[in-house]
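Structure first, commentary second.
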Amino acid sequence: MSYKTDGSKHIGKDSLIGIPRQQTNPSRWSGKGWDAFVGELGSSGIDVVTEPSKLSLYRSDAGGVATGSCHGVVIARSSEMIADIMRAAQKHRIPVTVKGGGLTTEGESVAFGGLQLDMRGMSKVINIDREDLTVRTEAGIYWHSLAESLRRYGMDYLSAPLNMTSSVGGTLGVGGIDVNSPRLGCSADQAVALKVVTPRGDIVECSEEDNRDLFELVLLGYGQFGIITEATLRIRPFTPITMHYFYYSSLREAMEDLKMLTREDAADYLGILTMLDRAINLLVAFDSDEREKMFFSNWRNKIRGHGEMGFAVRTAAHYLLRPWKLREALYLLDRKRTLLPALSPSHHIASGKIVDRSVVFSRAVWRFWGGRQMVIPDLATSEDKFVDAILKGNEVCKKYFDHYTLYCVGIKLHGKLPRYELSCIPPDAQDFAYGCEFEPMLEGKTYSRDYLQSFKNEIYDIGVEMGTSYYRFGGMMKGYIRRVFGDELVDRYLKMKEKADPSMILNRDVIF
Amino acid sequence: MATSARYHSHYDVIIVGGSFSGAACAKRLVDSGYSTLILEHKKLPRHKPCSGIVSPRGHRFLLENFGPVPDEAVHSPKTCRGVVFHYPSMLSMPMDFHYGPTLHLNRKYSDHWALLQSGADVHERTHLESVEDKGTSVEVIARTEGEHIRYRARYVMGADGPNSTVVRSVYPGYEKTIPWFKVKQYFHERIDCPLDDDYFHFWVHPDLGFYTWSHLRNEGQIVGVGYGAGDDLNKRHERVVSYLEEKHGVRLKPTEKREGSINNFGLSLINRYVFGKGNIIITGQAAGFLNIIAEGMSCALHSGAIAGEATVDALRYNNSIQDTYRKMISSEVKRCSDQWNPFKIIFGNPHEADFMAALKRHSRSDRRRIIRDIWSFLRPWGKYGWGRQIVTQAVFRRLIDAYAPSRWL
């Protein structure tokens, strides 16, 4: 017996009023046509890895919550090879899921059957142009590898994601936000030109001048409209940086100061990292002594953050009056003892300046957040909604977890670009958007997916209520896309997707 | 017997029981790429006695995991708006489900559909005879059409309902240690029925039984009763029908069809869940999950999914499945046992319909009558000695923000 269901509706249309989907759990693809597909790739000289022990490496992503299993893996070696794969995949209707660093947290890069295309086979830097200040690189390269290559030529990237084991291609597809973003925007905005393999298997070079429509669809396009195989990115000469911390015990004050400093371009790097909502660390850093001096003469007195000693005295007084919060105080002390040295490691500091920010901002810090599972719901808001959204999200964190961190940054916008339309950039943001990640410290504990999902839903429901956007709205959270962006916009993009990818095989279940 | 059994291929996981918890568990395993077999002792699709009124949380799970529910999988009326509590004082308390109406499932087809959607292999008409944990794998002996078959799997999941063969295999004699209840639903043609057809009706009445309900299905009226096993339910049913006619003006033709099931009410009430040993884990109602007013579908789906996730975790990292499952399942234990927890009911609103808001709509004197009626309804349960355990568990929940895992088998 078989059952027919119309995917466009469900019975009991009046059911679950006001609560459209909160979670998506894609079904594993059936495998129909797989053998013919593999045979066709074989005749083109493309090897498909199918040994179970090797496939098991691809079962999950950095989030560690969604698990899937592909039928086979191809290590990408060239744009031409990927084009062959996509043409065969369209013909045989084989899902293709692209994975770079696999830093997604909602299963976006996890294949639920079909082919997993591992982009890490394309990780060479092709050309560094110190006059034009650009780098051409294959898109499967990790950001920290790119940074190392650039340093050999005295150059540096502009903005990269906080975790630099992300691949360049994956990052350009979703945004890429770090403490540079208040000044420079997201990583995707540093792209000058791209080589893209379309879902139909065409190889297209695109930029703001050539094939602009594709360029805008692929940047922040969540991998729906093409596979980025090469990218030309803006770079700059390397400079060591000086970093300062200011401490707050009020989230609101810290957020307001962050907004003010962002708006007034007071620093080269800006961000907030918190320990619970008790120790809020405003990070301010500079590429030059002049900028640093300007900050201390023009803005230091305007912000309400304390130096380390002043904050320590205030915090000690706070907990002395609240002895029942001793455990919380001990947690903060321990966190300070282990985390802060990682932000200023002596082997990456010279004359008081950080000489390798890629290590400091990424690998050295990430171990304090990452674990077997990572759950990082976020809210991306306009300036007006930022503080309220974060305060609401903070209450949700407290409800679910003993320990958590908030990571907040501003994101400079480069006008009203088409790429921002269906992305983490909220539609009402002007000049700057603001993002906050709500990251529980899972600390090796085991939680059910349902518990973690409930936490994420409560954060995302704030976004629905306030009309914000999200950075991680794909994969398991894709039910929120229509709730946030509305049917008209999503349907318009769906039509474009259907035209570009008739078999709907490229990175399915991520957005549509 | 076991030595002469035909050997069947090895699976990563074998799930015993082709119901919602098994389907949810299978869904997680199959999506993660693990070979999964479901053993179901009946021919599919199989009939299952059940009110079919799934809670909104269960409905959302079906939608988000298996897709839109097909037409065959629901009865008429397709949806149910909420629950009405009726009290001996003749006060009634309608409570709409949060988020709107939910589905009225036809378990024969909804369960089968979910099984098919899970993508697991299914061996129907295959009756479990024994299950033996060999340390690194589990051997299962089953019988189909007179032939014995031997299966082997890394893990086995007991998802075979309250009267679980897997539980009896793992915990011999366990069934004698818990109270059992019989629930029967009787189908009537209607002559006249003033009860609101949009709702599921439940009588909080000590003289009518532990579990007395009525609702519309396919133009007929279901009248259901639940008592301790061994009681004469037909007599109890006659009394309920008379009561409905006398007090509510419900006039029904004599029943033409009845169906019943045996149930393990109370395990979630007193935090006495059964989660298995070694490489065998138990889930769904077999483990004791049952929401208040005996809606077991949503917690079967969720606990089944958690069992699947724990198994995936154990397979991926070679972790202890028992340890992982017991940690993961604690969130579902909270959701389920909170529904029975008096502190949570008064201060927390743990249900999917707002009991306290409905109570507040009554006058102060009516509220007192309702509370008196609820108290009188609880009295017959006293013989099970659960009162102290309920209070102890509720206090524990308050103090450690969890239900004590030490009480789980």
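The values are calculated or read from the model by the stated rules, or taken from the named source; none is laboratory data. Predicted, not measured: the structure shown is a model, and the values here were computed from it. Backbone-built Cβ (ideal geometry, glycine too); neighbour counts: all protein chains shown. SASA here: full protein model, heavy atoms, side chains in, ligands and nucleic acids out. Shrake-Rupley method; radii C 1.70, N 1.55, O 1.52, S 1.80 Å.
Screening A:E443 against (1) within 14 Å of another protein chain (Cβ to nearest Cβ); (2) not in a loop (DSSP other than H, G, I, E, B) leaves a single unmet condition, (2).
Does segment B:69-91 contain at least one residue that is closer than 30 Å to B:R316 by Cα and open to solvent by 10 Å² or more (accessible area, probe 1.4 Å)? Among the residues of segment B:69-91, not one is closer than 30 Å to B:R316 by Cα and open to solvent by 10 Å² or more (accessible area, probe 1.4 Å), which makes the answer no.
Select from segment A:409-433 the residues that are in contact (Cβ under 8 Å) with a residue 60 or more places away in the chain and among the basic types (K, R) and list them in ascending order. Result: A:K412, A:R419.
Filtering segment A:111-139 down to residues that are away from every other protein chain (no Cβ under 14 Å), in a loop (DSSP other than H, G, I, E, B) and touching a strand residue (DSSP E or B) at 6+ places or on another chain (Cβ under 8 Å), which residue is nearest to A:M476 (Cα to Cα)? Only one residue tops the list, namely A:A139. Only residues that are open to solvent by 50 Å² or more (accessible area, probe 1.4 Å) and part of a helix (DSSP H, G or I) were counted across segment B:343-353, and they come to 4. Among the residues of segment A:226-246, those identified as within 30 Å of A:K497 (Cα to Cα) and open to solvent by 10 Å² or more (accessible area, probe 1.4 Å) are A:I228, A:E230, A:T232, A:R234. Note on segment B:69-88: residues that are within 9 Å of another protein chain (Cβ to nearest Cβ) and out of contact with any Pro (no Cβ under 7 Å at 6 or more places or on another chain) total 7. Evaluation of A:I481 against the conditions (1) over 26 Å from A:L273 (Cβ atoms); (2) open to solvent by 10 Å² or more (accessible area, probe 1.4 Å); (3) not basic (K, R) shows that the sole unmet condition is (2). Is it true that B:K383 is open to solvent by 30 Å² or more (accessible area, probe 1.4 Å) and in contact with an Asp or Glu (Cβ under 9 Å, 6 or more places away or on another chain)? No.
If you go through segment B:310-335 and keep only what is in contact with a Leu (Cβ under 8 Å, 6 or more places away or on another chain) and within 8 Å of chain A (Cβ to nearest Cβ), you end up with just B:V312. Among the residues making up segment B:163-201, those that are in contact with a helix residue (DSSP H, G or I) (Cβ under 7 Å, 6 or more places away or on another chain) and surrounded by fewer than 23 Cβ atoms within 10 Å (Cβ to Cβ) are B:R168, B:Y174, B:E175, B:P179, B:K182, B:K184, B:P194, B:L195. Within segment B:271-309, being closer than 22 Å to B:G135 by Cα, of a type in the set (S, T, N, Q) and within 14 Å of another protein chain (Cβ to nearest Cβ) holds for one residue alone: B:T283. Could you run through segment A:385-411 and say how many residues are open to solvent by 70 Å² or more (accessible area, probe 1.4 Å) and in contact with a strand residue (DSSP E or B) (Cβ under 7 Å, 6 or more places away or on another chain)? The number of residues fulfilling the criteria is 0.
The residues listed here are A:A89, A:A66, A:A76, A:A83; of these, the one that is within 30 Å of A:G444 (Cα to Cα) and either away from every other protein chain (no Cβ under 13 Å) or buried (at least 22 other Cβ atoms within 10 Å of the Cβ) (or both) is A:A66. Within segment A:1-56, restricting attention to residues that are open to solvent by less than 20 Å² (accessible area, probe 1.4 Å) and modelled with pLDDT of 95 or more, which residue is nearest to the other protein chains (Cβ to nearest Cβ)? Filtering segment A:1-56 for residues that are open to solvent by less than 20 Å² (accessible area, probe 1.4 Å) and modelled with pLDDT of 95 or more, the one nearest to the other protein chains (Cβ to nearest Cβ) comes out as A:F37. In segment B:96-127, the qualifying residues are those that are open to solvent by less than 40 Å² (accessible area, probe 1.4 Å) and over 21 Å from the mean Cα position of the chain (by Cα), and the one that is nearest to the other protein chains (Cβ to nearest Cβ) is B:G100. Condition test on A:V197, is it within 24 Å of A:T239 (Cβ to Cβ) and modelled with pLDDT of 95 or more? It is false that A:V197 is within 24 Å of A:T239 (Cβ to Cβ) and modelled with pLDDT of 95 or more. Of the residues making up segment B:29-64, those that are at the interface with chain A (Cβ under 9 Å from one of its Cβ atoms), open to solvent by 20 Å² or more (accessible area, probe 1.4 Å) and not hydroxyl-bearing (S, T, Y) are B:V30, B:G33, B:L44, B:P45, B:R60.
Residues of segment A:199-217 include at least one that is polar (S, T, N, Q), farther than 30 Å from A:A279 by Cβ and open to solvent by less than 20 Å² (accessible area, probe 1.4 Å).
Where helices (runs of 4 or more DSSP H) fall wholly inside segment B:236-342, the ranges with 1 or more residues that are basic (K, R) and surrounded by 20 or more Cβ atoms within 10 Å (Cβ to Cβ) are B:330-338.
Which one of these is buried (at least 24 other Cβ atoms within 10 Å of the Cβ), within 20 Å of A:I177 (Cα to Cα), away from chain B (no Cβ under 14 Å) and not β-branched (V, I, T): A:E108, A:E148? Every option except A:E108 fails the conditions.
If you go through segment B:362-409 and keep only what is in a loop (DSSP other than H, G, I, E, B) and touching a residue at least 24 places away in the same chain (Cβ under 8 Å), you end up with B:H362, B:W386, B:A402, B:Y403, B:A404, B:W408, B:L409. Inclusion of B:G18 among residues that are more than 17 Å from B:G161 (Cα to Cα) and within 14 Å of chain A (Cβ to nearest Cβ) is not warranted. Restricting attention to segment A:61-120, the residues being among the polar types (S, T, N, Q) and closer than 17 Å to A:D47 by Cα number 4. Annotation for segment B:143-154: no member residue is among the polar types (S, T, N, Q), surrounded by fewer than 23 Cβ atoms within 10 Å (Cβ to Cβ) and out of contact with any Lys or Arg (no Cβ under 6 Å at 6 or more places or on another chain).
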